[in-house]
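Asker: Please see the structure below; I have some questions.
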Amino acid sequence: MFVHPQFDPIAISLGPLAVHWYGLMYLLSFLIGWGAAVWRTRLAHVHWDREEVGDFLFYVVLGVVIGGRVGYMLFYQPQLLLSDPKQIFFIWEGGMSFHGGMLGVFAAAAWFARKTERKFFDVTDFVAPVIPIGLFFGRIANFINAELVGRPTDVPWAMIYPQVDALARHPSQLYQAALEGIVLLALLWFVARRPRRRMMVSGFFLIGYGALRFTAEFFRQPDAHLGFIAFGWMTMGQLLCLPMIAGGLLLLALAHRGVNQQGVRD
């Protein structure tokens with residue numbers, strides 16, 4: 001059994017300047033994600049250049065931040081949003097939803113596709129293998145801040161979070177970092193290593209993330225103000241994953257009947 005190190009929420013302090021772990025993790029996510037996306041432009045079947053990656057990253061940042069915050073307020077704090085709408089701007093107080101951030105990225109992809117005269121799914125197929133990098137660092141930030149803790153357990157690697165209570169819990173943030181970050185990253189880079197039919201990589205992302213997040217939720221403590229929302233065991237995170245999995249299966253079915261990225265019917 002372990003005890004959470006209780007990290008200082010401030011990662012770097014230089015006089016009046018304080019950089020929080022959340023901000024540092026976001027910065028690492030975008031920098032490493034940008035590098036990975038640029039590397040993908042070297043693949044013969046990927047028709048992007050470095051300048052386009054940089055331009056798209058700008059829209060992705062906006063989509064992640066705005067979508068993540070709006071999604072959190074709509075999915076997890078609707079009553080607070082209705083009673084105090086200005087809370088939607090208080091990003092520094094925490095509260096970001098991946099599912100909302102994903103919708104924000106979809107909006108950014110739609111805008112960029114229109115701007116560059118690409119197909120929407122050509123954009124999402126390009127960016128999908130990079131997204132797990134951000135998911136990994138996001139979950140590491142959750143662990144550092146001792147938030148989104150796991151359910152009580154007696155497994156040997158259980159962890160006590162003194163900031164929360166004295167119970168031994170699953171280090172579910174690390175589970176999610178491994179599943180949604182490392183495992184999903186490996187899966188998508190394997191799938192995207194060679195030309196695939198349009199929508200296929202996006203479909204694998206939706207199914208992969210949805211299934212891995214649904215699984216990880218069994219070890220994560222449900223949100224205190226929501227609890228279990230269906231069947232006495234399903235959490236909000238699991239409920240939001242179901243349409244992702246269904247959407248991913250639909251994309252794979254459409255891809256199977258469609259055309260490949262070069263527009264040639266297989």
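The values are calculated or read from the model by the stated rules, or taken from the named source; none is laboratory data. No experiment lies behind these values; they were computed from the predicted model shown. Glycine also receives a Cβ, built like all others from the backbone with ideal geometry; neighbour counts cover every protein chain displayed. Side chains are part of the model used for accessible areas, which takes the heavy atoms of the whole protein and leaves out ligands, DNA and RNA. Shrake-Rupley method; radii C 1.70, N 1.55, O 1.52, S 1.80 Å.
Asker: Does the stretch 123-131 contain any residue that is open to solvent by 70 Å² or more (accessible area, probe 1.4 Å) and touching a Ser or Thr at 6+ places or on another chain (Cβ under 8 Å)?
Answerer: no
Asker: Take residue 53 and tell me if it is modelled with pLDDT under 90 and touching a Phe, Trp or Tyr at 6+ places or on another chain (Cβ under 9 Å).
Answerer: no
Asker: Next up: Every residue in the stretch 77-95 that is surrounded by fewer than 18 Cβ atoms within 10 Å (Cβ to Cβ) and either modelled with pLDDT of 75 or more or more than 29 Å from residue 34 (Cα to Cα) (or both), please.
Answerer: Within the stretch 77-95, 78, 79, 80, 81, 82, 83, 84, 85, 86, 87 meet the criteria.
Asker: While we're here: Among 42, 50, 69, 114, which is the only one that is of a type in the set (D, E, K, R) and in contact with a Gly (Cβ under 9 Å, 6 or more places away or on another chain)?
Answerer: Going through 42, 50, 69, 114 in turn, just one is of a type in the set (D, E, K, R) and in contact with a Gly (Cβ under 9 Å, 6 or more places away or on another chain): 69.
Asker: Go through the stretch 141-160 and give me each residue that's surrounded by fewer than 20 Cβ atoms within 10 Å (Cβ to Cβ) and at pLDDT 95 or above.
Answerer: If the condition is that a residue be surrounded by fewer than 20 Cβ atoms within 10 Å (Cβ to Cβ) and at pLDDT 95 or above, then 151, 152, 153, 154, 155, 156, 157, 158, 160 are the ones that fit.
Asker: So, one more: Quick check, is residue 59 of a type in the set (Phe, Trp, Tyr) and over 30 Å from residue 255 (Cβ atoms)?
Answerer: no
Asker: In addition: Condition first: in contact with a Phe, Trp or Tyr (Cβ under 8 Å, 6 or more places away or on another chain), farther than 21 Å from residue 214 by Cβ and open to solvent by less than 70 Å² (accessible area, probe 1.4 Å). Can you find one or more residues in the stretch 186-194 that meet it?
Answerer: No, there is no match, as no residue in the stretch 186-194 is in contact with a Phe, Trp or Tyr (Cβ under 8 Å, 6 or more places away or on another chain), farther than 21 Å from residue 214 by Cβ and open to solvent by less than 70 Å² (accessible area, probe 1.4 Å).
Asker: Filtering the stretch 136-150 down to residues that are of a type in the set (A, V, I, L, M) and out of contact with any Phe, Trp or Tyr (no Cβ under 7 Å at 6 or more places or on another chain), which residue is farthest from residue 161 (Cα to Cα)?
Answerer: Only one residue fits best here, namely 140.
Asker: Okay, next question. Please find, among 28, 62, the residue that is surrounded by 16 or more Cβ atoms within 10 Å (Cβ to Cβ) and either farther than 25 Å from residue 222 by Cβ or not small (Gly, Ala, Ser) (or both).
Answerer: It is 28.
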